[in-house]
Amino acid sequence: MKVLPWFALLFACTAVPADAHLTFAGTPKTDLFSSARLIDTNQSQSLEAVSTADGDFRLPSYKLAGVYFITGNNGQTFDNEAKDNDFTDPTGDYCQRLGFPVSSCASGLFDKPCPYNDKFFNRCCEATYIYNSSDCKSPRKLSSETCGGKHRCYCDTAQYPFASCNDPQIKGNACTDDSGTRYATCVCPNPNNGQWGCKEYYTSPCNSVCKTPYADCCHLKTSVQTPYGCEKTYDCCSSKCEKAYSDNCRNRNAVIAKCPDNATCTYFSDCKPKVQSWSCKSGYKQSGNGCVCATSCNAVVLPEVTAAVPGSVPANVYVGVSCTHH
């Protein structure tokens, strides 16, 4: 069984000219590792072209192969027992011990890669860490902290505390960032109060603010009973009666201004002052708007008439007389 020491393998995996053939002293000049062999065994490595240093021979360029540490017993076998060789990459463990435990980020953004293996990172960055200072415009603010060399560009929640406003609130100044739009204020509409009170209020959260006022005071007034009609309505409510007529005299016409002497009169039931009809009493007859004796009469001077009209009463003049039938 032929065992190579670890340092020989380490040498073999370092700088190797692209078309060089490596030999060991004291051995026949045979190819230990050809460039084709290195390429075959290092397909997953990134190769970097560098300039050639002067030496016993000149090459136009050479390539650097990735270095992997030999583990196990500091050596590897290359005979039939090669199945026991251990080529596990230890850099992942090194990175995790050095504080680079993350191997993937949901956002695709990371802060710093591990210097020994760029597939491990110290932490992930949020998807909002994508801005330079020149990219962040007012009213947004540039974060003081960075991740992966980038900043956040955000709306200050102290200045824009509202993520939304509920109808019928009015939205104030707005600020939009990667998380959405925020507002400086959410205020209710100005109240629409009237002198007669509020008929309709806004819905919550503005349910204390009047939306529609009453146009008149009718909701505050009670109409009086009006069997004979309304004499006066309220000044602020034309549909309700403040004062009713006490009778129906405005709709009644008296047949005579007043009831004559020696007559019997009837009055309207809904208007007591007005005469609805009249007739002369027995022994009298109507003459114009008065009642006179229907037959010859003995003039009887009443005491009050005698006092008022001294002397004899002229014929055919009856003042306070009574008629007697012969």
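May I ask you to verify whether T233 is within 30 Å of K112 (Cβ to Cβ) and not in a loop (DSSP other than H, G, I, E, B)?
no
For C241, work out the one condition from (1) in a loop (DSSP other than H, G, I, E, B); (2) at pLDDT 95 or above it doesn't fulfil.
(1)
Does C175 qualify as being outside any loop (DSSP other than H, G, I, E, B), surrounded by 13 or more Cβ atoms within 10 Å (Cβ to Cβ) and at pLDDT 95 or above?
Answer is yes for this residue.
Looking at (1) surrounded by 13 or more Cβ atoms within 10 Å (Cβ to Cβ); (2) part of a loop (DSSP other than H, G, I, E, B); (3) at pLDDT 95 or above, which is the only condition N117 fails?
(3)
Quick one: which residue in Y228, Y234, Y183, Y214 is surrounded by 15 or more Cβ atoms within 10 Å (Cβ to Cβ) and either under 30 Å from S279 (Cβ atoms) or of a type in the set (D, E) (or both)?
Being surrounded by 15 or more Cβ atoms within 10 Å (Cβ to Cβ) and either under 30 Å from S279 (Cβ atoms) or of a type in the set (D, E) (or both) holds for just one of Y228, Y234, Y183, Y214, which is Y228.
Wholly within region 249-326, which strands (runs of 3 or more DSSP E) include no fewer than the required count, namely at least 1 residues that are closer than 30 Å to C230 by Cα and at pLDDT 55 or above?
Strands (runs of 3 or more DSSP E) meeting the threshold: 263-268, 271-280.
Could you give me the residue pairs with C-beta distances under 8 Å whose first residue belongs to region 86-111 and is under 18 Å from G148 (Cβ atoms), whose second residue is at pLDDT below 90 and crowded, with 16+ Cβ neighbours inside 10 Å wherever it lies, and which are 6+ apart or on separate chains?
Pairs that qualify, where the first residue is under 18 Å from G148 (Cβ atoms) and the partner is at pLDDT below 90 and crowded, with 16+ Cβ neighbours inside 10 Å, are S103/G92.
What is the residue count in region 237-265 for residues that are surrounded by fewer than 15 Cβ atoms within 10 Å (Cβ to Cβ) and within 30 Å of G194 (Cα to Cα)?
Selection size over region 237-265: 3.
Looking at (1) charged (D, E, K, R); (2) assigned to a loop (DSSP other than H, G, I, E, B); (3) surrounded by 12 or more Cβ atoms within 10 Å (Cβ to Cβ), can you tell me which one K199 breaks?
(2)
The values are calculated or read from the model by the stated rules, or taken from the named source; none is laboratory data. Quick caveat, the model's predicted, so the values are computed rather than measured. Ideal geometry is used to build each Cβ from the backbone, glycine not excepted, and the neighbour counts take in all protein chains shown.
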